[in-house]
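The values are calculated or read from the model by the stated rules, or taken from the named source; none is laboratory data. Keep in mind the model is a prediction, meaning the values are calculated, not measured. So basically every Cβ, Gly included, is an ideal-geometry build from the backbone, and we count neighbours across all protein chains shown.
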Amino acid sequence: MSEASIPSSPSRLVSIARQPIFDENRRLWGYELFSVGQGRSARPDVEPENTAISVAASAYMGLQQILKQGQKIMLNFDEMGILDDMPYALPPMHAAVQVDEQIFLRPDIPEMLERLKSDGYLIAVRGFSGQPQFDPLYELAEIIAVPVIGKQKAEVATLLATIHDVDARLLARQVDDAAGFAMCREAGVTLFEGAFFKQPDTITIHKITSNAVSRLKLLKRIEQRNPDIDALAETIQSDAAISFRLLTYLNSAAFGFSQKIKSIHHAIRLLGWLKLKNWLRVVLLNDMSEATAAPDLLQLSAQRGKFLELVSQRHDFWGFDPESLHLLGLFSLLDAMLSTPMDEIVTFLPIENKLKDALRRDANNEYLPLVQLAQCVEENRWEDAGVMMQQLNLDREKVTAAFREAVEWADQLTSMGNGELT
């Protein structure tokens with residue numbers, strides 16, 4: 001969700017996206033970072049060293065925020081990255097160096113990994129075959145990351161017992177729903193990555209709150225076509241909490257305005273309604289959210305909205321309205337954010353019925369494949385995304401570029417804690 005872009009060559013941009021990793025209590029443990037290039041490959045992150053290079057060059061704007069919050073970062077390294085000492089660009093005690101099993105068989109790699117561990121880096125293994133030749137690697141590892149999608153509880157428990165023989169934690173990948181999370185946790189898994197946090201937990205489902213209703217009504221007002229800006233400014237200014245946050249933010253050093261902004265009318269004149277509306281959307285969703293993963297869901301919502309908007313703009317043969325697609329992506333995680341069924345939420349949303357059906361995940365809805373494509377790319381499932389792009393007749397380069405730009409836009413929008421106007 002967070003992103004940086006640097007020129008790795010005159011014709012190529014490389015960006016950094018992230019996936020959250022949670023512990024067994026659904027607390028944020030850290031992030032796995034992956035690179036997103038711009039090219040014809042169905043899998044844009046074909047050069048894993050670009051991730052470390054981008055982070056090492058301090059181009060990744062989200063790194064300091066992650067480290068400040070005491071969370072870990074996990075990056076995948078290939079043989080060349082390890083031999084070139086690229087992990088040392090990252091802060092020890094906060095970084096997990098992830099490698100594939102086969103790399104361990106290459107000359108000098110075992111010694112390099114032992115040195116990294118002694119210098120304070122976590123060693124993570126991607127995949128677990130259990131072959132005896134990799135036992136020394138498993139002994140080094142603090143984390144072993146494996147996909148668990150489709151596995152039963154007994155299978156996960158057996159895998160976990162094998163891994164625990166070498167005293168490493170299991171990171172369950174591709175945990176696709178709350179039931180899968182609960183099953184893996186009961187088996188003893190302690191780290192989780194996947195789509196489960198994007199879905200409401202049925203244990204905590206409740207009726208939508210009065211605060212959320214008021215925020216949804218305000219959201220509906222700002223989404224009106226050709227709105228009365230003066231009336232909207234008065235409505236926003238009557239909300240003390242939002243007005244305070246907006247004016248405090250705009251008067252901060254980040255903007256450096258020569259004159260103090262004293263009213264919402266003044267802010268609209270200086271910034272323009274479109275920029276202010278983007279900020280307000282994020283703030284209103286943030287105010288409504290009651291999920292434990294609210295910050296990540298918020299940033300992911302903004303990212304998904306921008307991604308769908310850009311994809312529809314660059315494939316105009318679909319005939320979809322880019323602004324409507326933006327709202328579809330922005331609202332697509334509201335059920336997880338509010339711990340409320342989407343059927344109840346959509347009655348308050350300022351979108352057409354077809355978009356509401358897509359939010360309900362109607363299997364026959366024409367918009368739903370685009371939402372599913374967004375989920376594939378944000379979860380780094382580029383093989384699945386490649387198949388979907390072919391089925392939807394979408395250009396790979398355009399989709400990859402849209403994703404790269406969306407992560408950057410969302411990171412800027414939600415930076416500094418309150419959401420930056422861009």
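Scanning the stretch 327-377 for residues that are among the small types (Gly, Ala, Ser) and under 18 Å from residue 302 (Cα atoms) turns up 329, 332, 336, 358, 374. Being farther than 18 Å from residue 32 by Cα and either touching a residue at least 60 places away in the same chain (Cβ under 8 Å) or more than 29 Å from the chain's Cα centre (by Cα) (or both) is the filter here, so list the residues in the stretch 139-173 that pass it. If the condition is that a residue be farther than 18 Å from residue 32 by Cα and either touching a residue at least 60 places away in the same chain (Cβ under 8 Å) or more than 29 Å from the chain's Cα centre (by Cα) (or both), then 139, 140, 154, 158, 161, 162, 164, 165, 166, 167 are the ones that fit. Assessment of the stretch 306-318 against the conditions (over 30 Å from residue 24 (Cβ atoms), crowded, with 20+ Cβ neighbours inside 10 Å, touching a residue at least 24 places away in the same chain (Cβ under 8 Å) and out of contact with any Asp or Glu (no Cβ under 9 Å at 6 or more places or on another chain)) yields at least one matching residue. Pairing each residue of the stretch 191-214 that is farther than 28 Å from residue 31 by Cβ with any residue that is at pLDDT 75 or above and aromatic (Phe, Trp, Tyr), provided the two are 6+ apart or on different chains, yields C-beta distances under 7 Å for 213/348.
Working carefully through the options 384, 362, 335, find the one that is surrounded by fewer than 18 Cβ atoms within 10 Å (Cβ to Cβ), in a helix (DSSP H, G or I) and assigned by TED's automatic domain parsing to the domain that holds residue 220.
Details: 362 fails: in a helix (DSSP H, G or I); 335 fails: surrounded by fewer than 18 Cβ atoms within 10 Å (Cβ to Cβ).
Criteria check complete, one pass: 384.
Quick check on this structure: which one of 301, 324 is among the polar types (S, T, N, Q), buried (at least 20 other Cβ atoms within 10 Å of the Cβ) and part of a helix (DSSP H, G or I)? It would help to see each step written out before you state the result.
Working: 324 fails: buried (at least 20 other Cβ atoms within 10 Å of the Cβ).
Sole residue among the options that is among the polar types (S, T, N, Q), buried (at least 20 other Cβ atoms within 10 Å of the Cβ) and part of a helix (DSSP H, G or I): 301.
Residues in the stretch 54-88 that are within 21 Å of residue 378 (Cα to Cα) and either surrounded by 21 or more Cβ atoms within 10 Å (Cβ to Cβ) or modelled with pLDDT under 65 (or both): 54, 55, 59, 60, 61, 62, 63, 73, 74, 75, 76, 77.
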